[in-house]
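One structure is given below, encoded as structure tokens.
The values are calculated or read from the model by the stated rules, or taken from the named source; none is laboratory data. Since the model is a prediction, treat every value here as computed from it, not as a measurement. Positions of Cβ are generated from backbone atoms using ideal geometry, with glycine treated the same way; all protein chains shown enter the neighbour counts. What goes into the accessible areas is simple: the full protein's heavy atoms, side chains included, and nothing from ligands, DNA or RNA. Shrake-Rupley method; radii C 1.70, N 1.55, O 1.52, S 1.80 Å.
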Amino acid sequence: MKTFRMRVDGQATDVEADSETSLFAAMTRAGIAWPVSCRNGTCRTCMARLLQGQVRYDIPWPGLSPEEKTEGYCLPCVARPTADVVIARA
Ligand code: FES
């Protein structure tokens, strides 16, 4: 397991995010409120823009189109960091 830094755009401090935990779980642990519903990558309620860094998904079908992934969208409820990341609300 690796630990990365995550910054939520507009927040003053960084959050620790490990490679085995979702970005949403890391935000929750740090007390950052983020919209969420299904928590399994289908409803898109949590959709965010990945401004910097990279993520991976354990599920083969996160609810994003290939174009959305290319444009930098991610689903924090199922996205796990593979580098330091900066995200913003979509
Ligand atoms: S909460 Fe439903 S896709 Fe993230």
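Tallying residues that are more than 21 Å from Gly10 (Cα to Cα) and within 7 Å of the ligand (Cβ to nearest atom) within region 46-90 yields 2.
If you go through region 4-15 and keep only what is of a type outside the set (Gly, Ala, Ser), surrounded by fewer than 13 Cβ atoms within 10 Å (Cβ to Cβ) and more than 19 Å from Gly72 (Cβ to Cβ), you end up with just Thr13. Summed over region 33-45, residues that are loosely packed, with under 13 Cβ neighbours inside 10 Å and more than 7 Å from the ligand (Cβ to nearest atom) total 1.
Only residues that are open to solvent by 80 Å² or more (accessible area, probe 1.4 Å) and closer than 14 Å to Ser19 by Cβ were counted in region 46-83, giving 2.
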